Amino acid sequence: MKKSTFLYLFLVIVWGLISCQKATKIPNNYLILANQSIESDADWKKVIVALQEKHNAPVAYFQESPEDVMDTICKYRPRYIAVVDKPENINRETVMRLHKFSRQIDDDIFADFLWGYITGYNAEAALKMVNNSTEPLVIKNAVATITEISSAKWFDRFGFVDDHTKGLWGEKKGPGEQVVKDTVAPEQVLRKFYDLYAEYDPDLVVTAAHATQQNLEMPFSLGNLKPKDGKLYADFKDAPEFLKESGKRKVYFACGNCLIGDVNNTPNSMAIAWMNGSNAATMIGYVVTTWHGRNGWGGLKYWLTTPGRYSLAEAVYLNQQDFLNQQYEWSSKILTVEFPFDDTGISTKFEEARENLKSVGIENPTMDQIGFMHDRDVLAYYGDPKWDVRLQEIPEENDFTVKSEIKGKKCKITITTHDNFSLKRMAGDDFKKEHVLDLPFSYFFPERLKNPRLAEGQTWKAVVDENFLLIYNPEFEPSKTYTVILDIE
């Protein structure tokens, strides 16, 4: 590289860091990024205006990708970013690039903002997504294709088909009732899911069966949901039927499905059909073929472990920072290498993935290390990242409180455990432990802090960033108070 070129690049990087440090405060820490191609589209402009009014937020238009407006992001340093775009412009690569870009605003390894795509079958559907995520939502009713949440303790009413035992299903008909399980003939599983969906009119749908951008299989490949004209239908052999929708807003969390989060540059995809026809104001799903599941199952675990404590976006964000940190602890260079994605399937790429990890000093990569690298940037979040959507609290599991207080250049965080405190429950109660392991203590700061770090004398094994605190050696006991002191600027 010529000296003049090197000097130019050095000055650009320095200028970028300086401009990011001199941020302009915006009222709600919220920035809207929109594809320049929709700036002159009257219908899509309504989506942007609605977001601006909702969050009192500025908007910046990009030509190719959000990286085009790095200077604007550095100027405002938002805590939340909504990316408004048409489905024709969204695919696997745009999601992965947005993940990587979110970590480039400053020089640490963590994402500097929470983000979500605002999109839809058309502009009207995207505007509906914005409006549906204005008022808070507490999840009370759910339907699932997984057995991991079949205790249904989080829900008033619940129905599921089992992905562990063919033909098994269950339901919880009301608050305080127990889940009752039964079986149907395997060929009736799709019909059972269809009926449970109609009966329980869920606030939340959770799935983890096989899927693509064009179908969601019931467990054991016993039928399919498919998209058509922006809606979902059950592909019954005798006569396909659209899902029965009440029009209520909901969340769709595809925690373990392959490819279903990939819009794939078309409004005629499963992701768009969930958002449009099934009114998912937030949808989360993988944009690649998945196998390890650390990102999807981990996000769900953070949300379930302390119900009501985090919004869905906060839970997903905290999980991602946790497993970024775990990768960094394996090797300070691990985040510089990537899984070699293509369209040939995961099994053909394991050896290349191992070589990528070996290139940064990990001589004998484990399946977790390969899996974490695979899952790092491939979970899409559609919806307003500032939407306050939470699980309802479970009183007997609400066993600790956290408060923070800022005085001068110190932030004092006080953790008070109750008589019923359970360290095992805080760690996740072994939920999907084969993928996620135990969770650390986590805290999403009420407001972003400037350059927080553990004060001198603190012995916590902690990770501190401007948005969060993670403690990996909590060892908390019931009925005690613990204090974490941070230095801030």
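The values are calculated or read from the model by the stated rules, or taken from the named source; none is laboratory data. Because the structure is predicted, anything quoted here is derived from the model rather than measured. Using ideal geometry, Cβ is built from the backbone for each residue, glycine included, and neighbour counts are taken over all protein chains shown. Note: areas computed on protein heavy atoms with side chains; ligands, DNA, RNA excluded. Shrake-Rupley method; radii C 1.70, N 1.55, O 1.52, S 1.80 Å.
Is the C-alpha gyration tensor of the stretch 17-109 telling us rounded, prolate or oblate? Criteria: a/c under 1.5 is rounded; beyond that, a/b larger than b/c is prolate, otherwise oblate.
Because a/c hits 1.5 or more and a/b fails to exceed b/c, the stretch 17-109 counts as oblate.
Set the Förster distance to 30 Å, then compute FRET efficiency between residue 396 and residue 25 from the Cβ-Cβ distance, nearest 0.05.
It comes to 0.15.
Roughly how many whole Å is it from the C-alpha centroid of the stretch 22-65 to that of the stretch 350-417?
Centre-to-centre (Cα) distance: 28 Å.
Take every Cα pair under 8 Å in the chain that's 6+ residues apart, average their separations, divide by the length, and report that relative contact order as a whole percent.
13 percent
Find out how many positive minus negative residues lie around residue 409, taking Lys and Arg as positive, Asp and Glu as negative, among other residues whose Cβ is under 12 Å from that of residue 409.
Once all neighbours under 12 Å are counted, the net charge is +3.
Farthest toward the dipole's positive end in the chain, which of 24, 271, 339, given Cβ charges of +1 (Lys, Arg) and -1 (Asp, Glu) about the Cα centre?
About the Cα centre, the residue reaching furthest to the positive side is 24.
Run the dipole for the stretch 120-203 about the Cα centre, Lys and Arg Cβ at +1, Asp and Glu Cβ at -1, nothing else charged, and hand back the magnitude in debye, nearest 20.
120 debye
Could you work out how far the C-alpha centroid of the stretch 297-311 sits from that of the stretch 215-236, in angstrom?
Result: 28 Å between the Cα centres.
Could you give the accessible area per residue of the stretch 245-342, probe 1.4 Å, as a whole number in Å²? The partial results should precede the final answer.
On the way: 2130 Å² over 98 residues.
Using a 1.4 Å probe on heavy atoms only, each residue of the stretch 245-342 averages 22 Å².
Using the beta-carbon distance between residue 480 and residue 344 and R0 = 51 Å, what value does 1/(1 + (r/R0)^6) give for FRET efficiency, to the nearest 0.05?
The pair residue 480/residue 344 has a calculated efficiency of 0.45.
Quick one: if you stick a label point 7 Å off each Cα along the C-beta vector at residue 229 and residue 40, how many nm between them?
3.2 nm
Do any trypsin sites (Lys or Arg not before Pro) in the stretch 407-489 lie in a DSSP loop with no more than 14 other beta carbon atoms within 10 Å, and if so, which?
Details: sites: 407, 409, 410, 412, 424, 425, 432, 433, 448, 450, 453, 461, 480; in loops: 409, 432, 448, 450, 461, 480.
For trypsin sites (Lys or Arg not before Pro) across the stretch 407-489 that sit outside H, G, I, E and B with at most 14 neighbouring Cβ atoms in 10 Å, the list reads 409, 450, 461, 480.
Which one of 255, 391, 411 is farthest out on the positive end of the charge dipole of the chain, using unit charges on Cβ (Lys, Arg +1; Asp, Glu -1) and the Cα centre as origin?
411
Between residue 416 and residue 461, 0.36 nm times their residue separation minus their Cα-Cα distance comes to what? Provide the component values of the computation, followed by the final result.
Numbers: separation 45, 0.36 × 45 = 16.20 nm, distance 1.84 nm.
Gain on stretching residue 416 to residue 461: 14.4 nm.
How much accessible area per residue does the stretch 435-476 have, counting only protein heavy atoms and a probe of 1.4 Å, in square angstrom?
Numbers: 1890 Å² over 42 residues.
Value returned for the stretch 435-476: 45 Å² of accessible area per residue.
Return the carbon/sulfur percentage of the accessible area of the stretch 163-261, one whole number, probe 1.4 Å, all protein chains in place.
After summing per-atom areas, the C and S share lands at 47 percent.
Hey, any idea what % of the stretch 384-430's accessible area is carbon plus sulfur with a 1.4 Å probe?
After summing per-atom areas, the C and S share lands at 48 percent.
Would you work out the relative contact order for the stretch 183-315, in percent, from Cα pairs under 8 angstrom that are 6 or more residues apart?
Worked out over the stretch 183-315, it gives 22 percent.
Would you mind getting the accessible area per residue of the stretch 31-119, heavy atoms of the protein chains only, 1.4 Å probe, in Å²?
37 Å²
For the stretch 441-485, which whole percent of the accessible surface, found with a 1.4 angstrom probe, sits on carbon and sulfur atoms? Spell out each step's value before the answer.
Details: 960 of 2220 Å².
Here carbon and sulfur together make up 43 percent of the probe-accessible area.
For the chain, what is the calculated [θ] at 222 nm in deg cm²/dmol (nearest 500), taking -39500 (n - 2.57) for each run of four or more DSSP H residues and dividing by its residue count?
-8500 deg cm²/dmol
Quick query: amide H of residue 144 versus all other amide H atoms, modeled in the peptide plane; which residues come in under 5 Å with a sequence gap of 5 or more or a different chain?
When sequence neighbours closer than 5 places are left aside, the close amide H contacts are 159, 160, 161, 206.
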